[in-house]
Each structure stands twice: as structure tokens, then as C-alpha cells.
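*Asks:* I'd like to ask you about the structure that follows.
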Amino acid sequence: MKDAKLNKNRKPLSDEEVQKAENFDDILSRLDKPKENLFQKNWPYLASVLVLGVIGVFMFGDSENKETVTSEKNTFELITPINGMNIPTTEHKVIAGEEGQIVTESGTIIKYPKNAFLDTAGNPVTGEIEILFREFHDVIEIFASGIPMEYDSASNKYHFESAGMFDIKGMQNGIPLTINPDSPLVVELSSKQHGDYFNLYKLDEKGKWNYIEKDTAKGVYTQQLDSIGLAQLPQRIKTLEKNAKQTLRAQKKADKSFNKLLKEKKIYQPLKANNELYSIRLESDKNEFPELVPFKNILFEITEENVGFTPELAIKDWDDIQLKRKNKSEYLLIMFDDLKKHTFIVRPVLSATNLEDANKVFDSLLSSYDDKLGGKLLSERTIRDSLKKVYKSISDSVNILNNFASRQAYEMSEIEKSTARIKRIFTIDSFGIFNSDCPQKLPKGALFEPVFVNGKDRSDTLSFDHIYMAELNKNALFSLYGYWGKSKKQKDSEESGTDYITQEISFNPYNKTVIWGITLDNRLAVIKPNKMSLLKKGGNIDVEMFVSNNKINDLDKLRKLLGFS
Amino acid sequence: MKQKSSIYHQSKSAIELEHDIVEKAKKNARDFAPIYKKYHAPILQFVYLRLDDKDVAIDITQQVFLKAIENLQKYEFRGLPFSSWLYRIAINELNQLFRMNKKMRTINLNESITSDLINEMEDEDLTLHKDTLAIILKKLSADDFQLIEMRFFEKRPFKEIADLLNITENNAKVKAYRVIQKLKNLFKAETV
């Protein structure tokens, strides 16, 4: 910020100035104008297309691993990173014109209504057609497919965390079909990724993802809850808790009002002695404390706030003991010996054996006073007691429901972990590649600037123009474009040495991260999570990679090699 | 610190109503007018706070809305006010501008912000050196200052800051705390 200008006490724009600047028509008119500087504004996209083109020619040079995304505009081609490895397509034969559904091996359901398929001229198709379908569920399948996982949201760059993706096409006798927009297909994609934070996207003919709508996934888990009304349980508990709080407030208010009346009339309400506190038996002055007169065997309990009271004081012989009123419910116990005076706060209580009799006395006292008060005392007590009962009953219900909900949540999470699959619902009116994803930023936390070398031969510098990164706990593939390795304009003289080009890579050191790439000479190289910890310190460093010299043509082998199984 | 009454806090129904307008505007840009009307002033003030050129601020604000409409198909509703997205575009536009011309960046300080920041640093000695704050703020990185600007200059709640900077609320709090500590240290170093 050293170049920033500093203003002190500058006023914000006035309402008039803001209003004057408002011009929506200007925006509308600018919407229709062609871009003034296409390259400058669209350079990231153009650059990525260029990079992809270069990779295609440089690395592979053949057309085996290229795949056209749409039949309308062949402007974007999928390039699989490993030559000869791709996610296979399954062909499903169905009868066009009729309603039906396809269920794939993973449990995905493709539902098609009547007259769902059109030919290129827009006419309904009848007879047997082929639906070509393939799905991608984990990082390895996504990587092997070559499907881009970057997303641009108004110049904000993201990488997709995927809950599942599919590619669907329709053909009849080798001729591509389209979907009737009035009779869209519904694809219920089977997904193992839980969570409701995903959105649905479609890959366009330029290789860019377009947002369709919020994912409205429904899973086994949710459906089971819904069927027995448990999904509403948290809300029910919340409502009950709210009621309980309100009742408790009302009860406390009623209690206060009742106690106020008792204090005004100087009626002592018997309290049960606390077994953990000391009590002293005293004969009190009947004239000074008439409220205690009706009760037999009254004890004076040393209250909690008397920090200086010790058991020895209770058995000591005192020269004199006095009792004074402190307030309407508490008294002061003052004990004298030769040397000093000890004062403690006490309250009158009754032992459990005497409490029942005391309560009877209290009830009869209440009744006698109540007549004088026109029934107010007993009515206040009835309100208080009934509120107490209501509060207890609501609290009990809340406890029962909370226990039930915790148990259900535990059981459901166990089911979720083991078997549950969620259905992610797509309504599609065109063929293509669709996914359910959540945009993510690149992991952060540690930075390193690597020169990648072969772990078995450090003189073998590895060169990449595309690095992949994934975290084992997340179904997201992070693609890093750039160049790492020996300079393309390498200086061979001993004096100048070899030039290396590198750039920073950031990763989250707290997650298990794996980084891999296909070298420019077509070898798979990987840094597994256990080696990533060595890179935490960061800086410009040589980073050893495990390089596989074998041909990889199997997804399971790839998973194992990259540490995903 | 007092929280500014922010248009970020809106009822669920208001946010959903806004979403309906956005959905309509995806089909016809003219339907975007109510959103423009609602957010033009806050976005313009947001931009102007970071600049010292009124005309550039007005141009950038128009650019923000133009970009929003052009990219409306990509807008994802996440239950947040539409303004979150507009502010993010505005931040990107401003960053592009500042990359080209760092001198365009402006710190607009006033007495109230100075007091709030000094209070936050919880050091009474610092009140004697209020003027030093301006020097110290210029020593912060652009990212650190942005956080302080949103929190103390604009009084935005952490939840909103987190949404605008695409970080978690907790992370926003931790970062803000760290920047305050950094400011405190810089202050002490400067006033010794």
C-alpha cells in the first residue's frame, strides 16, 4: 500500500452525485456493442485453448485420445492425458417415441418421455436408437477423461469439487440426435458424495462450464428421514425449546410474584436443609421473629457465601450468640467469644423429617392469610405450580426428542458411510457433458517453487506444462497450468549452466495431498502425500517424484499409483 | 464497534425475490433494472472509497454491472444477497485497475475510523499518536489493508467479509486479529 494516496475526512459521494451517475440505459446499450479489445478481455480463455492445442500436438500427436464434445460446433476437443486410457462409453439401445428408462450399473437412472428424441432437422425419431452414456465419479475417472475442471465465475477462477459427472449422446444409425426441448430427459445420477452444496453445470462447445441450477439432490438418507417425518425433527425440537424458555420465564415471574406476597406478609416458606451445608439449631426470640414461631425444629443453615465458616466453629463453646434479620429471607448469626465477633449469613431450614409437618403448617398459614388477601395468595401459587408442571413436561419432551434425534443422526451417518448413494437430478434438453459440482479455490497454506526431478535419478529433470493436484479427502481435481522444468531455450555451455523454469505451487499442508503430471516425454510422475510433508518449508527446491516407466492402461492401477486406493 | 446497518442483512423472502428478478434478467437484461437501482449507490460508494477519482469510480461501477449482466448465466444462487456477487466483481475490477496503476489506490481515513482502530488495538498510549496511523496503514499489504478497510472503514460484519473474500467467517476473524496485531507492532516501532 506504499503507493496509495491518503485522504483525510473526505466525504462520500452525495445522494445527488450518486443519482446523477445512475444510468441503466448506458449499460443496456453497451451490452449489444462488440468487444473493443477481444484479446485483452478474453486472454485467459484464449490462452487455455492455445495451451490445450499445444499439449495435444506436442504430447500425443494422434487423434485416438481426442473426442468431440458436440456435433454442432467442433471448437473444443477433450484430450485424455494418458494415451490409450479413457472412461468407456456404454451403449443402451432404446425405442425412440416411447417412454422408458435406462438403469446403469452404478444405479443411475435415465428417464425419457414419449417423443424425447429428434433428428437433426427437428423431426421426432422413431425406432431403435442408441444412447451412449458414461459417468465419472472420482478424481481418477475425471483425470483420465480429460474433462476440464476449471470454472470461471465473472473473472473469479475456481476448480470443481465434483459430486458426479456424466456424458450422454444419442445416435441413430451413426447420425447424432438431439433432445426435444418439450420432452426433456431426467437423469438421476447416482452419487456417493453427500452434501447439499453442489450446483449443476453443463460443458459448452467452447469447453467452458455453464451454471444450470442449484442441485436438488435427494438421497436414501433424506428419503428415509422424510418418510417417518424425522427431517422436521430439528425444527420441532427448536419450537419446543422456544416454548420451554417462554414457560420458564413465565414460571419465574409467577414465582417472584408469589414470593413477594409471602415476604410482604412475613410468611416463612419452609425450605429443605441442604445436606452439604452446616446448620445450627437455635432458639429464636418469638417477639423478634414471629414468622418462625409456627414451625418446630427450625435449623439455621450457613449459606454458601460464608467462605470463612469452618466445621470447628460449629462445635465451639461461644460466650454469646445473637440472631439479627438481614433481609426478608436471610438472617445474620453473630457469635462472640473472648477475642472477637464472628458474623455469618444464615437462612431458616427444616430437616427432611420435619419438612412435611412444616409444609402443613405453611399451607394452613397460607389459607388463613389468603382469606385476608381475597384469594390472591393461593391463586398465585396455583399459577406458579401449573407453569412448573408445563415446563417440566416440555423439558422432558425436548430431552426425549434430542436423544432420539442424536441416535437417528448417528445411525444415519453409519448408513451414509457404508452404503447410501444420493441421486442428483438433472433435467436435460440437450446432449453433452453435465456435472454436479461445487467451485473451490486452490488449496493454500504452504508454497513451494519446484524443479521436479526423477527420484531414482536426480539428474533427470522432469518437464511439465500441466500439473494435477488432489486432496485425498476431497473429490476435487486441481489443474495447474504453466511450465516446470528445463528451459526450452536451454543453454548447454558449462559457464551458464542449465536454465530452469518454475513457478509457485500452493497446497494445504494439513490435508493429504497428491501431485502428479505427465511429463513432456509422456511419463507419469507423482509425489504421494507422505512426501508432501517435505515441501512444507517451501522455497525454490528440487522435488523428487516417483516416475513410472510402465504403460498405464488400467484405472485401478492408476488409482494405486497415485495413492487413491 | 457499532455494526453498520448493511444491505447485506436481508430477509430470506427479500433474497428470494431478488433471485426471481435475477432469473428473469437471465432471459431479458432489461429485467435487471430493479437490481441496478437497488445496488448502484452502495457499489459506487464502495468503489469510490478505494479511489480518488469520481469519474473513474462511476465508470468502474458501470463496468461492474455490465459484467454482472454479461455473466448472469454463470451466477449461482447460494442463498446470499446478489450484492455479494456484485462486490466480488467490483473487487476484481478494482484489483485489475490497481495492478496497472498502484497510485490510484486511496486510503480514506477519518476521525471515527482512526478512533475505532486505535480502540481495537487496546493500547491507550496509541491515542497520543493518532497521526501515525496513516503512515502505518500504508505499510500494510493490499490484502491486509482490504480486510481492515472492510471491517473498520465500512463496518462490515465478518460473515459478509468472509463471503466477499471467499474465505470462512472464522478465517476472516483470525486474519483481522492478525492484522490488528501487525498494526499494533508497527505502531509501537514507529512511535518508540
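The values are calculated or read from the model by the stated rules, or taken from the named source; none is laboratory data. A quick note: this is a predicted structure, and the numbers were derived from the prediction, not measured. Cβ atoms come from the backbone with ideal geometry, glycine included; neighbour counts cover every protein chain shown.
*Asks:* Quick check, is A:LYS20 at pLDDT 80 or above and either assigned by TED's automatic domain parsing to the domain that holds A:ALA116 or of a type outside the set (A, V, I, L, M) (or both)?
*Replies:* Answer is yes for this residue.
*Asks:* Please name all residue pairs, on different chains or six or more residues apart, with Cβ atoms under 6 Å, provided the first residue is in the stretch A:425-446 and is away from chain B (no Cβ under 14 Å) and touching a residue at least 40 places away in the same chain (Cβ under 8 Å) and the second residue is of a type in the set (Gly, Ala, Ser) and crowded, with 18+ Cβ neighbours inside 10 Å.
*Replies:* Matching pairs, first to second residue: A:PHE431/A:GLY170.
*Asks:* Could you please find all residues in the stretch A:167-211 being charged (D, E, K, R), farther than 20 Å from A:GLU130 by Cα and in a strand (DSSP E or B)?
*Replies:* A:LYS202
*Asks:* Given the criteria at negative phi, of a type in the set (Val, Ile, Thr), buried (at least 20 other Cβ atoms within 10 Å of the Cβ) and not assigned by TED's automatic domain parsing to the domain that holds B:LEU44, does B:ILE118 qualify?
*Replies:* So B:ILE118 fits the description; yes.
*Asks:* Turning to a different aspect of this structure: So for the stretch B:31-51 (the condition being surrounded by fewer than 19 Cβ atoms within 10 Å (Cβ to Cβ), among the basic types (Lys, Arg), within 17 Å of the chain's Cα centre (by Cα) and within 22 Å of B:ILE167 (Cα to Cα)), does at least one residue qualify?
*Replies:* Checked against the condition, which is being surrounded by fewer than 19 Cβ atoms within 10 Å (Cβ to Cβ), among the basic types (Lys, Arg), within 17 Å of the chain's Cα centre (by Cα) and within 22 Å of B:ILE167 (Cα to Cα), the stretch B:31-51 yields no hits at all.
*Asks:* If A:LEU78 satisfies every condition in (1) among the hydrophobic types (A, V, I, L, M, F, W, C); (2) at pLDDT 90 or above; (3) buried (at least 19 other Cβ atoms within 10 Å of the Cβ) but one, which is the exception?
*Replies:* Here A:LEU78 meets the rest and fails (2).
*Asks:* For residues in the stretch A:350-379 being out of contact with any helix residue (DSSP H, G or I) (no Cβ under 9 Å at 6 or more places or on another chain) and not in a helix (DSSP H, G or I), which is modelled with the lowest pLDDT?
*Replies:* My answer is A:GLY374.
*Asks:* Separate question: Out of curiosity, is A:LYS2 facing chain B (nearest Cβ under 9 Å), modelled with pLDDT under 90 and out of contact with any strand residue (DSSP E or B) (no Cβ under 7 Å at 6 or more places or on another chain)?
*Replies:* Judged against the criteria, A:LYS2 is a match.
*Asks:* Additional query: Please work out if A:ILE321 is touching a residue at least 40 places away in the same chain (Cβ under 8 Å) and assigned by TED's automatic domain parsing to the domain that holds A:VAL361.
*Replies:* No; evaluated as a whole, the condition is false for this residue.
*Asks:* Moving on. So which residues in the stretch A:269-294 are surrounded by 15 or more Cβ atoms within 10 Å (Cβ to Cβ) and of a type in the set (Val, Ile, Thr)?
*Replies:* Across the stretch A:269-294, the qualifying residue is only A:ILE280.
*Asks:* Sticking with this one: Out of B:LYS130, B:LYS159, B:LYS155, report the one residue that is more than 10 Å from chain A (Cβ to nearest Cβ), among the charged types (D, E, K, R) and at positive phi.
*Replies:* After applying the criteria, what remains is B:LYS155.
*Asks:* Does B:PHE145 satisfy the criteria of being under 19 Å from B:LYS182 (Cα atoms) and either of a type in the set (Lys, Arg) or within 10 Å of chain A (Cβ to nearest Cβ) (or both)?
*Replies:* yes
*Asks:* Here is a further query. Could you tell me whether A:PHE160 is more than 17 Å from A:PRO184 (Cα to Cα), more than 14 Å from chain B (Cβ to nearest Cβ) and touching a helix residue (DSSP H, G or I) at 6+ places or on another chain (Cβ under 9 Å)?
*Replies:* No.
Results for (1) of a type in the set (Phe, Trp, Tyr); (2) outside any helix (DSSP H, G or I); (3) facing chain A (nearest Cβ under 9 Å), shown as yes or no for each residue.
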site	(1), (2), (3)
B:LEU44	no, no, yes
B:VAL56	no, no, no
B:ALA68	no, no, yes
B:ARG78	no, yes, yes
B:ARG88	no, no, yes
B:ASN92	no, no, yes
B:GLN96	no, no, yes
B:SER112	no, no, no
B:ASP116	no, no, no
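*Asks:* Can you say whether B:SER84 is more than 9 Å from chain A (Cβ to nearest Cβ), over 18 Å from B:LEU164 (Cα atoms) and not in a loop (DSSP other than H, G, I, E, B), as far as the supplied structure shows?
*Replies:* It is false that B:SER84 is more than 9 Å from chain A (Cβ to nearest Cβ), over 18 Å from B:LEU164 (Cα atoms) and not in a loop (DSSP other than H, G, I, E, B).
*Asks:* Ok, one more. Tell me whether the stretch A:31-46 contains one or more residues that are facing another protein chain (nearest Cβ under 7 Å) and modelled with pLDDT of 50 or more.
*Replies:* yes
*Asks:* Let me ask something else. Among the residues of the stretch A:141-151, is any in a strand (DSSP E or B) and among the aliphatic types (A, V, I, L, M)?
*Replies:* No: zero hits.
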